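Since the structure comes first, as C-alpha coordinates, the remarks are kept for the end.
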Amino acid sequence: MLANVIAIDGPAASGKSTAAKNLAKTLGIVYINTGSMYRAIAWKAAQKGISSKDSEAVEKMLQNTTLAYEQQTPSSPWDICIDGIFPGQKLRSPEIAQAASDVATMPAVRAFTLDIQRNMAKDKLIVMEGRDIGTVVFPNARYKFFLTASPRARAYRRLTQDGETPDGATLDSVAAEIAERDKQDSERTVAPLRQAEDAIYVDSSNCTQEQTLAVLLRYIHDLKK
Ligand code: CDP
(Lines give C-alpha, C1' and ligand atoms only; values in the text may rest on other atoms or scores of the structure.)
Protein backbone atom coordinates (compact mmCIF):
# COMPACT_ATOMS: atom_id res chain seq x y z
CA MET A 1 0.00 0.00 0.00
CA LEU A 2 1.23 3.49 -0.83
CA ALA A 3 1.98 5.89 2.04
CA ASN A 4 0.24 9.23 2.07
CA VAL A 5 3.46 11.08 1.41
CA ILE A 6 5.16 13.18 -1.22
CA ALA A 7 8.84 12.64 -0.35
CA ILE A 8 11.45 15.22 -1.33
CA ASP A 9 15.05 14.30 -0.58
CA GLY A 10 18.30 15.93 -1.55
CA PRO A 11 21.54 17.50 -0.34
CA ALA A 12 21.98 20.68 1.72
CA ALA A 13 20.74 23.94 0.21
CA SER A 14 19.40 22.22 -2.89
CA GLY A 15 16.17 24.20 -2.73
CA LYS A 16 14.21 21.34 -1.13
CA SER A 17 12.59 23.45 1.56
CA THR A 18 11.38 26.12 -0.82
CA ALA A 19 10.11 23.56 -3.31
CA ALA A 20 8.43 21.48 -0.58
CA LYS A 21 6.79 24.55 0.97
CA ASN A 22 5.53 25.81 -2.38
CA LEU A 23 4.21 22.38 -3.30
CA ALA A 24 2.39 21.95 0.03
CA LYS A 25 0.87 25.42 -0.29
CA THR A 26 -0.32 24.79 -3.84
CA LEU A 27 -1.86 21.44 -2.88
CA GLY A 28 -3.26 22.76 0.42
CA ILE A 29 -1.53 20.10 2.54
CA VAL A 30 0.87 20.02 5.49
CA TYR A 31 4.64 20.44 4.95
CA ILE A 32 7.13 18.74 7.28
CA ASN A 33 10.83 19.61 7.23
CA THR A 34 12.54 16.64 8.92
CA GLY A 35 15.92 18.44 9.03
CA SER A 36 14.49 20.61 11.79
CA MET A 37 14.16 17.51 14.00
CA TYR A 38 17.93 16.88 13.85
CA ARG A 39 18.56 20.59 14.25
CA ALA A 40 16.29 20.72 17.34
CA ILE A 41 18.04 17.74 18.94
CA ALA A 42 21.43 19.37 18.23
CA TRP A 43 20.16 22.68 19.66
CA LYS A 44 18.92 21.08 22.88
CA ALA A 45 22.23 19.22 23.28
CA ALA A 46 24.15 22.49 22.84
CA GLN A 47 21.96 24.19 25.46
CA LYS A 48 22.83 21.41 27.88
CA GLY A 49 26.55 21.55 27.09
CA ILE A 50 26.45 18.11 25.44
CA SER A 51 28.81 17.59 22.49
CA SER A 52 27.05 16.76 19.20
CA LYS A 53 29.54 13.91 18.82
CA ASP A 54 28.82 12.31 22.23
CA SER A 55 26.35 9.61 21.21
CA GLU A 56 25.90 8.20 24.70
CA ALA A 57 24.99 11.56 26.20
CA VAL A 58 22.70 12.45 23.28
CA GLU A 59 20.94 9.08 23.57
CA LYS A 60 20.42 9.65 27.31
CA MET A 61 19.09 13.13 26.63
CA LEU A 62 16.48 11.70 24.25
CA GLN A 63 14.92 9.73 27.11
CA ASN A 64 13.68 13.06 28.45
CA THR A 65 12.87 14.75 25.16
CA THR A 66 9.56 15.31 23.43
CA LEU A 67 9.66 16.29 19.80
CA ALA A 68 6.62 17.13 17.70
CA TYR A 69 5.42 19.32 14.86
CA GLU A 70 2.80 21.69 16.14
CA GLN A 71 1.13 24.98 15.30
CA GLN A 72 1.91 27.84 17.66
CA THR A 73 -1.49 29.33 16.83
CA PRO A 74 -4.26 27.84 14.68
CA SER A 75 -3.12 30.01 11.74
CA SER A 76 0.67 29.41 12.05
CA PRO A 77 2.49 26.87 9.89
CA TRP A 78 3.45 23.54 11.46
CA ASP A 79 6.84 23.91 13.13
CA ILE A 80 9.18 21.85 15.26
CA CYS A 81 8.52 21.96 19.00
CA ILE A 82 11.00 20.45 21.45
CA ASP A 83 9.99 20.04 25.09
CA GLY A 84 7.23 22.59 24.54
CA ILE A 85 9.56 25.21 23.01
CA PHE A 86 9.52 26.45 19.39
CA PRO A 87 13.22 27.27 18.69
CA GLY A 88 12.34 28.68 15.20
CA GLN A 89 15.16 30.70 13.65
CA LYS A 90 17.61 29.63 16.39
CA LEU A 91 17.94 26.36 14.48
CA ARG A 92 19.18 28.01 11.30
CA SER A 93 22.79 28.83 12.27
CA PRO A 94 25.74 27.11 10.52
CA GLU A 95 26.90 25.65 13.87
CA ILE A 96 23.53 23.98 14.43
CA ALA A 97 23.50 22.73 10.82
CA GLN A 98 26.84 20.96 11.37
CA ALA A 99 25.82 19.65 14.81
CA ALA A 100 22.56 18.37 13.28
CA SER A 101 24.59 16.41 10.75
CA ASP A 102 26.62 14.94 13.66
CA VAL A 103 23.63 13.77 15.71
CA ALA A 104 21.93 12.51 12.52
CA THR A 105 24.62 9.80 12.23
CA MET A 106 23.55 8.24 15.57
CA PRO A 107 21.34 5.12 15.38
CA ALA A 108 19.46 6.09 18.56
CA VAL A 109 18.62 9.49 17.10
CA ARG A 110 17.39 7.94 13.85
CA ALA A 111 15.21 5.40 15.67
CA PHE A 112 13.71 8.25 17.71
CA THR A 113 12.89 10.41 14.66
CA LEU A 114 11.71 7.52 12.47
CA ASP A 115 8.81 6.71 14.78
CA ILE A 116 7.65 10.30 14.94
CA GLN A 117 7.93 10.74 11.16
CA ARG A 118 6.02 7.56 10.33
CA ASN A 119 3.18 8.56 12.64
CA MET A 120 2.65 11.81 10.78
CA ALA A 121 1.29 10.39 7.56
CA LYS A 122 -1.30 8.14 9.20
CA ASP A 123 -4.41 10.15 8.52
CA LYS A 124 -3.52 12.82 5.95
CA LEU A 125 -1.46 13.48 2.86
CA ILE A 126 1.76 15.39 3.61
CA VAL A 127 4.86 16.71 1.89
CA MET A 128 7.91 15.49 3.82
CA GLU A 129 11.39 16.76 3.07
CA GLY A 130 14.76 15.35 4.17
CA ARG A 131 17.59 13.00 3.25
CA ASP A 132 16.08 9.53 3.72
CA ILE A 133 12.33 9.99 3.32
CA GLY A 134 12.00 8.05 0.06
CA THR A 135 14.60 5.43 1.00
CA VAL A 136 14.03 4.64 4.70
CA VAL A 137 11.11 6.47 6.27
CA PHE A 138 8.56 5.92 3.48
CA PRO A 139 9.98 3.57 0.81
CA ASN A 140 6.33 3.26 -0.29
CA ALA A 141 5.73 7.02 -0.61
CA ARG A 142 3.06 7.98 -3.17
CA TYR A 143 5.56 10.30 -4.94
CA LYS A 144 9.33 10.58 -4.55
CA PHE A 145 11.60 13.33 -5.76
CA PHE A 146 15.35 13.74 -5.45
CA LEU A 147 16.04 17.43 -5.77
CA THR A 148 19.53 18.72 -6.31
CA ALA A 149 21.51 21.58 -7.83
CA SER A 150 25.15 22.23 -8.71
CA PRO A 151 27.55 22.88 -5.77
CA ARG A 152 27.92 26.51 -6.97
CA ALA A 153 24.15 27.11 -7.15
CA ARG A 154 23.66 25.59 -3.72
CA ALA A 155 26.44 27.68 -2.16
CA TYR A 156 24.93 30.80 -3.70
CA ARG A 157 21.46 29.97 -2.38
CA ARG A 158 22.78 29.34 1.13
CA LEU A 159 24.85 32.55 1.07
CA THR A 160 21.76 34.59 0.25
CA GLN A 161 19.65 33.04 3.05
CA ASP A 162 19.58 35.44 6.00
CA GLY A 163 21.52 34.35 9.09
CA GLU A 164 22.48 30.94 7.73
CA THR A 165 26.14 31.71 7.05
CA PRO A 166 28.82 33.26 9.30
CA ASP A 167 29.83 36.93 8.90
CA GLY A 168 32.47 37.23 6.18
CA ALA A 169 31.39 34.01 4.47
CA THR A 170 32.23 33.72 0.77
CA LEU A 171 30.91 31.52 -2.00
CA ASP A 172 33.99 29.29 -1.57
CA SER A 173 33.72 28.99 2.22
CA VAL A 174 30.01 28.17 2.04
CA ALA A 175 30.62 25.64 -0.74
CA ALA A 176 33.26 23.97 1.46
CA GLU A 177 30.91 23.83 4.47
CA ILE A 178 28.13 22.31 2.37
CA ALA A 179 30.51 19.79 0.78
CA GLU A 180 31.70 18.65 4.21
CA ARG A 181 28.14 18.14 5.43
CA ASP A 182 27.10 16.31 2.24
CA LYS A 183 30.08 13.99 2.66
CA GLN A 184 29.12 13.16 6.25
CA ASP A 185 25.44 12.75 5.27
CA SER A 186 26.24 10.45 2.33
CA GLU A 187 28.88 8.34 4.01
CA ARG A 188 27.14 7.55 7.30
CA THR A 189 26.05 3.96 7.86
CA VAL A 190 22.47 4.63 8.96
CA ALA A 191 20.03 6.19 6.50
CA PRO A 192 22.62 7.91 4.30
CA LEU A 193 21.70 10.57 1.77
CA ARG A 194 21.08 8.85 -1.55
CA GLN A 195 18.53 8.86 -4.32
CA ALA A 196 15.87 6.15 -4.10
CA GLU A 197 15.85 4.03 -7.26
CA ASP A 198 12.28 5.01 -8.02
CA ALA A 199 12.66 8.73 -7.20
CA ILE A 200 12.27 11.38 -9.88
CA TYR A 201 15.55 13.29 -10.26
CA VAL A 202 15.21 17.05 -10.53
CA ASP A 203 18.19 19.37 -11.07
CA SER A 204 17.10 22.88 -10.16
CA SER A 205 20.43 24.66 -10.83
CA ASN A 206 18.94 26.83 -13.56
CA CYS A 207 15.36 26.95 -12.35
CA THR A 208 13.44 29.66 -10.56
CA GLN A 209 11.22 28.63 -7.62
CA GLU A 210 8.21 28.76 -9.92
CA GLN A 211 9.86 26.55 -12.54
CA THR A 212 10.87 23.96 -9.93
CA LEU A 213 7.31 23.88 -8.59
CA ALA A 214 5.95 23.45 -12.10
CA VAL A 215 8.28 20.48 -12.68
CA LEU A 216 7.10 18.75 -9.49
CA LEU A 217 3.44 19.42 -10.24
CA ARG A 218 3.80 17.85 -13.68
CA TYR A 219 4.29 14.45 -12.02
CA ILE A 220 1.55 14.69 -9.42
CA HIS A 221 -1.88 13.31 -10.30
CA ASP A 222 -4.77 11.58 -8.55
CA LEU A 223 -4.25 13.07 -5.14
CA LYS A 224 -6.52 11.88 -2.37
CA LYS A 225 -5.96 14.24 0.52
O1 CDP B 1 18.49 23.06 5.16
P2 CDP B 1 19.62 22.10 4.89
O3 CDP B 1 19.40 21.30 3.64
O4 CDP B 1 20.96 22.71 4.97
O5 CDP B 1 19.64 21.07 6.10
P6 CDP B 1 18.45 20.33 6.83
O7 CDP B 1 17.53 19.71 5.84
O8 CDP B 1 17.86 21.24 7.85
O9 CDP B 1 19.22 19.14 7.58
C10 CDP B 1 20.20 19.36 8.57
C11 CDP B 1 20.95 18.03 8.78
O12 CDP B 1 20.02 17.07 9.31
C13 CDP B 1 21.48 17.40 7.50
O14 CDP B 1 22.79 17.80 7.18
C15 CDP B 1 21.41 15.90 7.80
O16 CDP B 1 22.58 15.46 8.44
C17 CDP B 1 20.28 15.78 8.79
N18 CDP B 1 19.08 15.19 8.20
C19 CDP B 1 19.02 13.82 8.11
O20 CDP B 1 19.96 13.13 8.46
N21 CDP B 1 17.89 13.21 7.66
C22 CDP B 1 16.85 13.93 7.25
N23 CDP B 1 15.75 13.29 6.83
C24 CDP B 1 16.90 15.33 7.29
C25 CDP B 1 18.06 15.95 7.75
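The values are calculated or read from the model by the stated rules, or taken from the named source; none is laboratory data. In this text, all values refer to a predicted model and were calculated from it rather than measured experimentally. So basically every Cβ, Gly included, is an ideal-geometry build from the backbone, and we count neighbours across all protein chains shown. The protein model used for the area step is the full one, side chains on, heavy atoms only, and it has no ligands, DNA or RNA in it. Shrake-Rupley method; radii C 1.70, N 1.55, O 1.52, S 1.80 Å.
The figures follow:
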{"item": "Residue match in segment 120-131 (condition: in contact with a Pro (Cβ under 9 Å, 6 or more places away or on another chain), in contact (Cβ under 8 Å) with a residue 60 or more places away in the chain and more than 10 Å from the ligand (Cβ to nearest atom))", "result": "no"}
{"item": "Close pairs from segment 31-49: first under 14 Å from PHE112 (Cα atoms) and hydrophobic (A, V, I, L, M, F, W, C), partner open to solvent by 10 Å² or more (accessible area, probe 1.4 Å) and outside any helix (DSSP H, G or I), Cβ under 8 Å, at least 6 apart", "result": "MET37/LEU67; ALA40/LEU67; ILE41/THR65; ILE41/LEU67; ALA42/SER52"}
{"item": "Residue among LYS60, LYS53 that is assigned to a loop (DSSP other than H, G, I, E, B), at pLDDT 95 or above and either at positive phi or surrounded by fewer than 17 Cβ atoms within 10 Å (Cβ to Cβ) (or both)", "result": "LYS53"}
{"item": "Residue pairs meeting the criteria (Cβ under 9 Å; at least 6 apart or on separate chains; first open to solvent by 50 Å² or more (accessible area, probe 1.4 Å), in segment 136-147; second modelled with pLDDT under 95 and assigned to a strand (DSSP E or B))", "result": "PRO139/ALA3; ASN140/ALA3; ARG142/ALA3; ARG142/ASN4"}
{"item": "Single unsatisfied condition, GLY88 versus (1) in contact (Cβ under 8 Å) with a residue 12 or more places away in the chain; (2) over 18 Å from ALA24 (Cβ atoms)", "result": "(1)"}
{"item": "Criterion violated by ARG39 - all others in (1) charged (D, E, K, R); (2) within 30 Å of ASN140 (Cα to Cα); (3) assigned to a helix (DSSP H, G or I); (4) away from the ligand (no atom under 16 Å from the Cβ) satisfied", "result": "(4)"}
{"item": "Looking only at segment 161-188, and only at residues there that are within 18 Å of the chain's Cα centre (by Cα) and of a type in the set (Ser, Thr, Tyr), the one that is surrounded by the most Cβ atoms within 10 Å (Cβ to Cβ)", "result": "THR165"}
{"item": "Count of residues meeting criterion [part of a strand (DSSP E or B) and charged (D, E, K, R)] in segment 4-36", "result": "1"}
{"item": "Subset of segment 101-118 (residues that are hydrophobic (A, V, I, L, M, F, W, C) and open to solvent by less than 10 Å² (accessible area, probe 1.4 Å))", "result": "VAL103, ALA104, VAL109"}
{"item": "Segment 157-204, subset within 10 Å of the ligand (Cβ to nearest atom) and not charged (D, E, K, R), residue nearest to GLY15 (Cα to Cα)", "result": "GLN161"}
{"item": "Top-ranked residue of segment 195-220 - restricted to ones that are in a loop (DSSP other than H, G, I, E, B) and within 15 Å of ALA141 (Cβ to Cβ), ranked as most open to solvent (accessible area, probe 1.4 Å)", "result": "GLU197"}
{"item": "Test: residue in segment 180-189 that is in a loop (DSSP other than H, G, I, E, B) and not small (Gly, Ala, Ser)", "result": "yes"}
{"item": "Residue identified as away from the ligand (no atom under 13 Å from the Cβ) and surrounded by 21 or more Cβ atoms within 10 Å (Cβ to Cβ) among ILE82, ILE6", "result": "ILE6"}
